[in-house]
1. About its Cα centre, what dipole magnitude does the range 99-188 give when the only charges are +1 on Lys and Arg Cβ and -1 on Asp and Glu Cβ, stated in debye to the nearest 20?
2. Report the full-extension gain for the segment GLU122 to ASP97: residue separation times 0.36 nm, less the Cα-Cα distance, to one decimal in nm.
3. So with the 1.4 Å probe, I'd like the accessible area per residue for the range 96-140, rounded to whole Å².
4. Using DSSP to call loops (not H, G, I, E or B), can you name the GluC sites (Glu not before Pro) in the range 79-188 whose Cβ has at most 15 other Cβ atoms within 10 angstrom?
5. Within the set of other residues whose C-beta is less than 15 Å from the C-beta of ASP125, count the net charge using Lys and Arg as +1 and Asp and Glu as -1.
6. Determine the sum of side-chain charges near ALA136: Lys and Arg each +1, Asp and Glu each -1, restricted to other residues whose C-beta is under 15 angstrom from that of ALA136.
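The values are calculated or read from the model by the stated rules, or taken from the named source; none is laboratory data. Keep in mind that this is a model prediction, so the values were computed, not measured. Because the Cβ atoms are built from the backbone with ideal geometry, glycine has one as well, and the counts that use them run over all protein chains shown. These area figures cover heavy atoms from the full protein model, side chains too; ligands, DNA and RNA do not enter into them. Shrake-Rupley method; radii C 1.70, N 1.55, O 1.52, S 1.80 Å.
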Amino acid sequence: MSARHILNTRFATYFGLMCLALFVASASAHAQSLWQSAAVPVQTMSGTVLVLPEHALLAEHIAGSPDTRISIALEGDYRVYRAQHKGKDHQVHMALDGAPRHLAFDLEAGRFRDILPSLRIEMNDYASFDTIVQQAGGTGGKVYEALGFALIQLPDDLNPAEVAAALGELQSVTRATIQLRGPLYVPM
């Protein structure tokens with residue numbers, strides 16, 4: 001292999017990575033206003049959830065389905081998330097000065113759930129996985145190629161749903177999904 005061919009290959013790889021970085025940044029900035037002002041329907045491995053905005057206040061917002069109404073209000077030192085779903089009321093209080101949490105309302109389970117600071121992604125070729133982790137702002141990850149997916153760990157301050165939406169637009173990523181904290185199992 002000639003030195004010129006190696007340089008051309010490295011330049012093409014570098015150029016591709018720069019284009020990827022610009023695309024992810026552009027998609028993230030464009031979607032940011034949507035994520036901050038509405039409950040956004042997002043697909044998970046177990047069904048559709050409504051990802052809730054972290055800093056906005058919604059007086060009343062119908063989202064996801066005709067039988068779900070989400071509202072967010074400030075009450076004292078808490079942000080209060082309320083959902084009216086299939087005739088039942090649900091609520092969760094989050095301390096304003098507490099650790100950052102990303103919440104979703106699970107339409108199938110009819111309850112609020114925490115979004116884990118990680119993503120499950122499926123790719124055409126996992127050779128570029130480390131680059132995808134860097135572009136996502138991830139702190140690490142692991143490929144389970146035989147199982148057909150990889151996991152990316154994210155810092156707590158990144159919204160996993162925003163990152164998944166940006167990664168889902170990339171040609172090398174066939175699917176990017178958020179993960180929800182599972183229910184607590186208490187032995188009898």
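1. So the dipole magnitude of the range 99-188 works out to roughly 300 debye.
2. Working: separation 25, 0.36 × 25 = 9.00 nm, distance 3.54 nm.
Length gained, GLU122 through ASP97: 5.5 nm.
3. Values: 2090 Å² over 45 residues.
Heavy-atom SASA per residue in the range 96-140 reads 46 Å².
4. GLU108, GLU169
5. -2
6. -3
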